[in-house]
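The values are calculated or read from the model by the stated rules, or taken from the named source; none is laboratory data. In this text the structure is predicted, and so the values were computed from the model without any measurement. Counting neighbours? That spans all protein chains shown, and the Cβs are built from the backbone with ideal geometry, glycine included.
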Amino acid sequence: MRILSVHNTYQIRGGEDESRESEERLLRDHGHEVDVYEASNDRIGDLNPAQLALRTIWSQPAYRDISDRLAQKPYDIVHIQNFFPLISPSAHYAAKAAGVPVVQTLRNYRLLCPNGLFFRNGQVCEDCMGKPIPYPGALHGCYRESKAASAVVTAMIATHRALNTWSRAVDVFITLTEFSRQKFIQGGFAPEQLVVKPNFVAPDPGVGTGTGNYALYVGRLSVEKGLDTLLDAWEQLDTPIPLKIVGDGPLKEMVEKAAYKQPQIEWLGRQLLPEVHRLMGEAKCLVFPSKWYETFGRVAVEAFAKGTPVVAAKIGAIEELVGGSNTGILFEPGNASDLANQLSRFWFASAAEHSAMRRAVRAEFEQKYTATANYKALIDIYTKVCSVAH
């Protein structure tokens, strides 16, 4: 099978890039030919505001380039991973004009919400949900805190809703969780067009010991990730619990002050993946205090692979990943007192309970989030799309 993977690259690499690259590598490892068409956000500075606005809604250069690629050799699938902002939905139309089926992975909520997060002023916001023109996002300047930039994103969403781009030019959308799928259905997408395929972790990092006697946070230091909730909870603990924090972001100073004030908190900054996995494997638990509707929760699944339970906010996809099994404990999102209580409940449980939970999270990983399971799910999607198209 020959696949053209289409994506916009970010100036700062993140989990989306890692997940996409893992997927491309997985396909190549199984003998498929994967070519890549990409545009880098580093080029945004070369465009004036009017040019950038036009490219966001319809990029003629991307349409021309992708059309040329598809004319040069036959492809079975065009898999659009991320078209925003420089590639635009012109990629979808280039594929359709060439008669090639289109699969798109929905790694955020950009097609429903201008900032892609359903998050504003420190809390969940669904003001734009289901609106043909998501004007609240423009009024509030939700994208990059700019009303002008937000108006452009709003125009892109509204234009392609009016053109029925998502129903006419996409064969299947992949969501990472059932929660995310239901959000897109709520936003007006056809249920039969949406399938669930989670991210995966490869290579398998192996099970850790869990003997480090510390809790671990890994991720961006930002409000939507719940860093304020995390730090407030540590101030409310009756018995001090060691906490290691890995990551960087806008709340860096808040974390530095907390680490200075509370000796049990240690900020490690950014770390390479092997070291992150080592820390995960030795941690007693991973804390996932997010306040927004995560579309997945890769860090939690990495913890599962290491056999490390997760204490997570009861919200969005992370509730789906952690809830309903013996893989962790949930707390009310944004509620520092509940996080402190639930963490203490977990921390002082018996050794037998901790061992049982570690076995359960590893079993969850082996069942759902390995490369083998993911490859089968992805190829099933591709095969069905190709059979319908032909």
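One residue stands out among those in segment 160-202 that are under 19 Å from Ile80 (Cα atoms), among the basic types (Lys, Arg) and outside any loop (DSSP other than H, G, I, E, B): the one that is nearest to the chain's Cα centre (by Cα), which is Arg181.
Kindly indicate which of Lys291, Lys284, Lys314 is without any contact (Cβ under 8 Å) to a residue 40 or more places away in the chain, of a type in the set (D, E, K, R) and surrounded by fewer than 24 Cβ atoms within 10 Å (Cβ to Cβ). One residue alone meets the criteria, Lys314. Of the residues making up segment 122-152, just one is in contact (Cβ under 8 Å) with a residue 60 or more places away in the chain and in a loop (DSSP other than H, G, I, E, B), namely Gly122. Looking only at segment 350-390, residues that are among the polar types (S, T, N, Q), touching a Leu at 6+ places or on another chain (Cβ under 7 Å) and more than 19 Å from Phe173 (Cα to Cα) come to 0 in all.
Among the residues of segment 287-330, which ones are touching a Pro at 6+ places or on another chain (Cβ under 8 Å) and under 22 Å from Ala356 (Cα atoms)? Hits for segment 287-330 are Val301, Glu302, Ala303, Ala305, Lys306, Ala312, Ala313, Lys314, Thr327, Gly328, Ile329. Note on segment 309-362: among residues that are among the aromatic types (Phe, Trp, Tyr) and assigned to a helix (DSSP H, G or I), the one that is nearest to Leu279 (Cα to Cα) is Trp347. Screening segment 167-192 for residues that are over 20 Å from Ser88 (Cβ atoms) and polar (S, T, N, Q) and picking the one that is surrounded by the fewest Cβ atoms within 10 Å (Cβ to Cβ) gives Gln186.
Applying a threshold of 6 Å to beta carbon distances and a minimum spacing of six or more residues, or different chains, the list of pairs starting in segment 263-279 at a residue that is of a type in the set (Phe, Trp, Tyr) and ending at one that is modelled with pLDDT of 95 or more reads Trp267/Ile245; Trp267/Val255; Trp267/Ala259.
Per-residue answers, yes or no, for (1) among the small types (Gly, Ala, Ser); (2) modelled with pLDDT under 95; (3) not assigned by TED's automatic domain parsing to the domain that holds Ala377:
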{"position": "Thr9", "(1), (2), (3)": "no, yes, no"}
{"position": "Asp29", "(1), (2), (3)": "no, no, no"}
{"position": "Ile44", "(1), (2), (3)": "no, yes, no"}
{"position": "Gln60", "(1), (2), (3)": "no, no, no"}
{"position": "Asp68", "(1), (2), (3)": "no, no, no"}
{"position": "Ile80", "(1), (2), (3)": "no, no, no"}
{"position": "Ala94", "(1), (2), (3)": "yes, no, no"}
{"position": "Val102", "(1), (2), (3)": "no, no, no"}
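If a residue has to be surrounded by fewer than 16 Cβ atoms within 10 Å (Cβ to Cβ) and within 12 Å of Pro114 (Cα to Cα) to count, how many in segment 124-146 make the cut? So the count comes out to 6. Of everything in segment 203-223 that is among the aliphatic types (A, V, I, L, M) and assigned to a loop (DSSP other than H, G, I, E, B), the residue that is farthest from Leu268 (Cα to Cα) is Val207. Looking only at helices (runs of 4 or more DSSP H) that lie completely in segment 235-308, which have at least 3 residues being more than 16 Å from Arg220 (Cα to Cα), of a type outside the set (D, E, K, R) and in contact with a helix residue (DSSP H, G or I) (Cβ under 8 Å, 6 or more places away or on another chain)? It comes to 298-305.
Residue check: Ile157 meets all listed conditions (1) surrounded by fewer than 20 Cβ atoms within 10 Å (Cβ to Cβ); (2) outside any strand (DSSP E or B); (3) of a type in the set (A, V, I, L, M, F, W, C) but one, namely (1). For segment 46-82, the tally of residues that are loosely packed, with under 13 Cβ neighbours inside 10 Å and either hydrophobic (A, V, I, L, M, F, W, C) or without any contact (Cβ under 8 Å) to a residue 60 or more places away in the chain (or both) stands at 9.
Quick check, is Ala363 among the hydrophobic types (A, V, I, L, M, F, W, C) and more than 23 Å from the chain's Cα centre (by Cα)? In short, no.
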